[in-house]
Amino acid sequence: MAVIKSAKDTSPGALGGLGSETPQGKDAAPLHKRRRRWQNGLGAVPFLAYVGIFLLIPAISVVTTAFQDAHGKPTMANFNEAAHGIYLESFITSIKLSFFSAVIAAIVGILAALAVTTTSNRIVRSLVSAGSGVFANTGGVPLAFSFVATVGNFGVLTVFLKSAGLDIYAHGFSLYSVMGLTIVYQYFLIPLMILIMIPPIQALRKEWVDASESLGASRLQFWRWVGIPLLMPPILAAFIVLFTDAFAAYATAEALTSGTIPLVPIEVGSLISGNVLAGQANLGDALGAGMIVVVMIAGLLYAYVQRRASRWLR
Amino acid sequence: MTDTAATSSTLARSGVSVEIRGLSRYFKDVAALKSLSLKAEPGELIVLLGPSGCGKTTALRSLAGLERPDEGQIFIGSNDVTDLPAAKRSIGMVFQSYSLFPNMTAKVNVEFGLRVMGLKPKERTQRAAELLELVGLASLASRYPHELSGGQQQRVALARALAVRPQLLLLDEPLSALDAKVRSQLREEIRRIQLELGITTFFVTHDQEEALALADRIAVMHQGQLEQLDTPLAVYSRPATEFVAEFVGNVNRLKGTVIDAETVEVESVGKVAYSSSSGYRAGTRVDVLIRPESLGVVPATTDGCTVFARSFLGASLKLALRDKNGVAITVEVSVAEAASVATAEVVTLFSRGAALLVRPAS
Amino acid sequence: MVTLAPSIPSKRSGDTSSNNILRLGKPFRFVVLILVGAFFIVPIASSAKFSLQGNNGAYTISAYTQLFHTSDFWASLFLSLKVAIGTVFLTLLLLIPTVIWVHVKQPRLKRIFESVSLLPLVIPSVVVTLGVITSFHNLPNIIYGTPVILALEYVVLALPYSYRTFDSAVQSIDIKTLVDAGQSLGAGWIKLLLWALVPNLRAGILGASILTFAFSVGEFAVASLLSFNTFPVFLVLIGRTAASQAVALSLIALVFTWIPLAFVMIAFSGRSTRNRGATLNTAEVDA
């Protein structure tokens with residue numbers, strides 16, 4: 001902390017005083033000190049204000065509006081509406097979709113991360129980690145269309161399989177369904193899982209394996225008592241991140257299904273776009289508030305998992 | 001100490017002999033071990049000493065069963081364990097560092113092997129408490145590894161290794177990650193516990209001081225082979241090979257000429273006693289290896305060695321000299337003797353002990 | 001777990017890789033990596049084939065050439081580029097002083113600012129859009145009714161990526177020493193920023209810019225719901241009528257975002273692995 005103090009003494013201006021260099025003695029007046037402390041906090045203002053205005057105000061307004069009717073009077077009607085019929089169904093579908101997408105991606109991602117971390121081939125390792133970084137950031141509309149080109153009605157793979165005697169669409173598969181979305185979501189969820197899991201798997205030390213073996217433990221016992229307990233917190237945390245990512249995804253679903261599958265983001269979207277029945281003015285806000293609640297529950301779980309793990313993590 | 005004695009009675013067991021026969025291990029055509037053979041007597045502590053890459057760790061890991069030898073056999077007691085996996089060998093092993101399971105407290109770490117054996121929680125707890133007491137960490141039983149210092153972690157690792165009453169204790173440079181003070185403390189404690197339990201032990205290190213202080217016998221290894229297996233005193237004072245002479249302790253290498261079967265004339269020093277089975281003929285040019293403490297100095301006026309550095313080591317004084325040909329010579333003299341040469345610029349050397357080794361001149 | 005940990009590897013095999021502490025066999029690695037790799041390559045290859053396929057089965061590049069004659073295509077592309085450039089500019093303006101200030105002046109707040117930058121992950125962009133409509137519809141038209149609002153929102157929504165990247169760049173240089181050295185030489189804050197800090201943070205600035213740019217160009221939800229015809233919105237529209245053109249366009253878009261992203265990943269991967277230990281770090285979540 002001493003270092004910080006000395007920096008304060010030499011440059012009282014912080015960010016607020018950009019360019020205004022005024023050398024100061026150590027015996028600055030109390031008023032001056034107070035101003036300095038205030039100025040030292042000034043650097044935080046633009047950033048926090050920006051996030052406040054363009055993220056928090058909209059989010060809060062959604063929540064408050066959700067409790068109001070069209071005339072601004074307090075009501076629970078919006079939530080009542082949101083918890084019934086198609087809207088309830090959309091929540092269930094969205095949660096199911098996100099859950100299963102996350103489960104599959106988690107399993108595949110762990111296997112891939114294990115495969116990558118145990119290979120001694122440097123090229124494969126850097127290829128996979130860079131690739132994961134790239135693909136995890138892919139999403140949205142172009143992704144949807146590349147899957148249309150692959151397993152859509154007339155997709156390359158669909159046509160190929162058909163010519164080989166397997167008509168996947170006749171066997172109940174459809175890209176434009178929850179199942180299809182689950183597959184498409186894997187494209188950014190699996191890389192995300194790989195990215196998250198590589199560091200904790202790499203942190204498993206050879207000494208632990210050796211020690212457990214020298215103490216008479218079998219491979220299974222090692223995994224039961226050491227490997228899995230150590231990997232479980234990051235796996236759970238990663239799962240929650242994947243779930244949230246899938247839950248909030250809008251572009252891919254909208255581009256693929258044009259709103260035919262009831263998913264919460266899609267419903268909110270169509271309410272915004274004006275496909276609204278009369279008397280549903282703030283229903284979208286109630287759905288939005290519901291989404292925030294779901295994501296926040298996931299966030300709390302994440303924090304809980306992290307806290308439990310922090311007992312033994314440095 | 002009565003406390004410890006009581007504990008030890010429940011822990012004590014007689015050691016077994018351990019034998020390695022013709023052990024070889026190759027890594028991609030490079031031999032890490034070349035037909036290594038040695039035998040430890042029951043309850044003996046053998047230190048495997050050598051520079052990094054000499055094969056000592058490979059030898060230890062082969063003993064543990066963590067490494068499969070390409071040739072050779074390993075016996076623990078009278079059992080051939082060569083093909084047994086580590087889990088079935090009844091060994092306890094302590095690693096260099098970070099080997100404690102981070103998700104378990106010290107106590108649970110110590111209990112690990114007992115849990116594998118299927119002991120009841122109550123017995124496990126009792127045994128773990130016993131062991132933590134033995135290593136002096138009873139009060140820190142509920143700490144997680146990251147809340148313990150490096151030295152404490154290694155004590156827990158030792159307790160964990162011993163909890164399963166192994167027949168053989170293997171220590172792989174357990175002190176190398178610790179700082180000097182903790183290292184020498186823990187070193188003595190490991191020795192005390194090992195003697196108390198009478199457990200046959202192999203200890204790997206590259207630190208010759210550690211080896212000399214700990215070992216019943218030292219196995220000096222070099223390039224996958226055993227150079228010498230003997231007591232610390234013998235290894236230090238009667239090295240079998242040039243490598244051992246130079247690796248264990250400090251040594252001067254000086255030129256000399258053989259006078260007879262017991263004496264050699266060494267440049268700048270004079271007559272030095274030696275013993276050799278090689279039977280050098282008088283007049284043979286030889287290299288003489290001689291310890292710094294086997295040399296003495298007296299002040300001289302002219303025609304001697306120049307003193308260019310002095311370092312005070314506490315009980316002795318080390319002088320760095322250069323003779324008239326520019327050959328560097330190190331001499332270590334007692335403090336009492338040091339007074340006489342405290343300010344001398346030029347000194348004359350004399351021999352006060354036998355040469356370590358005499359070799360044909362290189 | 002049995003598949004993860006095959007009991008004992010073939011004895012005395014040549015596999016002495018020290019990385020392979022979990023003793024997973026080669027077949028396991030091979031199968032997993034091939035299958036996962038295929039999952040990522042097949043859609044790209046299919047897209048290429050699909051976009052080059054004419055109606056009669058012959059190969060043609062007409063899907064690509066037709067696009068360039070559409071005025072809507074150019075309009076949407078330019079709009080997206082304008083918004084993206086604006087977003088990058090605003091992001092740098094906000095990010096550079098803030099992150100440097102936090103590191104130099106209030107290192108204690110590092111974690112808090114990091115968490116703030118992750119907030120957009122907690123609030124789905126659909127919800128943000130809804131909030132923008134409910135709370136900003138009274139603002140003057142110049143902000144709310146124009147694509148400016150897109151840039152303003154994208155700055156926030158891309159923060160989890162941009163903040164993290166720039167933050168780790170600042171973390172990796174000894175910024176306090178640089179600042180102290182600069183000040184001891186009498187440099188003012190502006191000179192310090194321009195001459196000492198920015199040149200040293202080039203990689204971080206570039207990385208944050210690329211990630212922000214890629215995000216902005218690809219963003220669909222906000223733009224579509226606020227009825228701006230950006231490139232992705234145009235893409236969905238055209239997808240309803242001309243599939244092969246949409247696929248062609250998607251392929252181009254993917255490749256053009258992947259190249260700079262790959263650059264960022266490679267440039268930053270070495271740095272990120274060095275500083276991190278066993279803990280799960282949210283950095284990996286967003287990297």
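The values are calculated or read from the model by the stated rules, or taken from the named source; none is laboratory data. A quick note: this is a predicted structure, and the numbers were derived from the prediction, not measured. For neighbour counting, all protein chains shown are included, and Cβ atoms are generated from backbone atoms with ideal geometry for every residue, glycine included.
A few notes on this one:
- Some residue of the range A:283-296 being crowded, with 18+ Cβ neighbours inside 10 Å, facing chain C (nearest Cβ under 8 Å) and of a type in the set (D, E): yes
- Condition check for B:R310: under 29 Å from B:A338 (Cα atoms) and of a type in the set (K, R): yes
- Single match in A:T252, A:T244, A:T257 (criterion: more than 10 Å from chain C (Cβ to nearest Cβ) and either surrounded by fewer than 19 Cβ atoms within 10 Å (Cβ to Cβ) or out of contact with any Pro (no Cβ under 7 Å at 6 or more places or on another chain) (or both)): A:T257
- Residue in the range A:181-203 that is more than 8 Å from chain C (Cβ to nearest Cβ), of a type outside the set (G, A, S) and over 23 Å from C:L35 (Cβ atoms) present: no
- B:S268 under 29 Å from B:I46 (Cα atoms), hydroxyl-bearing (S, T, Y) and in a loop (DSSP other than H, G, I, E, B): no
- Of all residues in the range C:145-175, those satisfying the criterion of being more than 20 Å from C:I112 (Cβ to Cβ) and either more than 13 Å from the chain's Cα centre (by Cα) or polar (S, T, N, Q) (or both) are C:G145, C:T146, C:P147, C:V148, C:I149, C:L150, C:A151, C:L152, C:E153, C:S172, C:I173, C:D174.
- Taken together, the residues in the range B:288-345 that are part of a helix (DSSP H, G or I) and either touching a residue at least 12 places away in the same chain (Cβ under 8 Å) or touching a strand residue (DSSP E or B) at 6+ places or on another chain (Cβ under 8 Å) (or both) amount to 8.
- Members of the range B:249-265 that are assigned to a loop (DSSP other than H, G, I, E, B) and in contact with a strand residue (DSSP E or B) (Cβ under 7 Å, 6 or more places away or on another chain): B:N250, B:V251, B:I259, B:E262
- Scanning the range C:107-131 for residues being hydrophobic (A, V, I, L, M, F, W, C) and more than 19 Å from C:F215 (Cα to Cα) gives a total of 4.
- Residue list for the range B:68-90, filter: part of a strand (DSSP E or B) and within 14 Å of chain A (Cβ to nearest Cβ): B:I76
- Among the residues of the range A:213-238, those that are under 20 Å from B:A64 (Cβ atoms), within 7 Å of another protein chain (Cβ to nearest Cβ) and either of a type in the set (V, I, T) or surrounded by 20 or more Cβ atoms within 10 Å (Cβ to Cβ) (or both) comprise A:E213, A:S214, A:L215, A:G216, A:A217, A:R219, A:V226.
- C:V102 vs. criteria among the aliphatic types (A, V, I, L, M), in a helix (DSSP H, G or I), at pLDDT below 90 and farther than 29 Å from A:F188 by Cβ: yes
- Flag if C:F73 is away from chain A (no Cβ under 12 Å) and either without any contact (Cβ under 8 Å) to a residue 12 or more places away in the chain or more than 22 Å from the chain's Cα centre (by Cα) (or both): yes
- For the range C:201-224, the criterion of a residue being closer than 30 Å to A:F154 by Cβ and surrounded by fewer than 20 Cβ atoms within 10 Å (Cβ to Cβ) is satisfied by no position.
- When A:E81 is tested against (1) within 30 Å of C:T212 (Cα to Cα); (2) away from every other protein chain (no Cβ under 14 Å), exactly one condition is not met: (1).
- Selection of the range A:125-142 for residues being aliphatic (A, V, I, L, M) and either more than 17 Å from C:I34 (Cβ to Cβ) or within 7 Å of chain C (Cβ to nearest Cβ) (or both) yields A:A130, A:V134, A:A136, A:V141.
- Residue count, the range A:259-299 (criterion: in a helix (DSSP H, G or I), modelled with pLDDT of 85 or more and of a type in the set (V, I, T)): 8
- Odd one out for C:A63 among (1) in contact (Cβ under 8 Å) with a residue 24 or more places away in the chain; (2) under 23 Å from the mean Cα position of the chain (by Cα): (2)
- Condition met for C:V126 (in contact with a Phe, Trp or Tyr (Cβ under 6 Å, 6 or more places away or on another chain) and buried (at least 19 other Cβ atoms within 10 Å of the Cβ)): yes
- Just one residue in the set B:A141, B:A106 is surrounded by fewer than 23 Cβ atoms within 10 Å (Cβ to Cβ) and under 25 Å from A:F222 (Cα atoms); that residue is B:A141.
- Boolean, B:V94 is β-branched (V, I, T) and in contact (Cβ under 8 Å) with a residue 40 or more places away in the chain: yes
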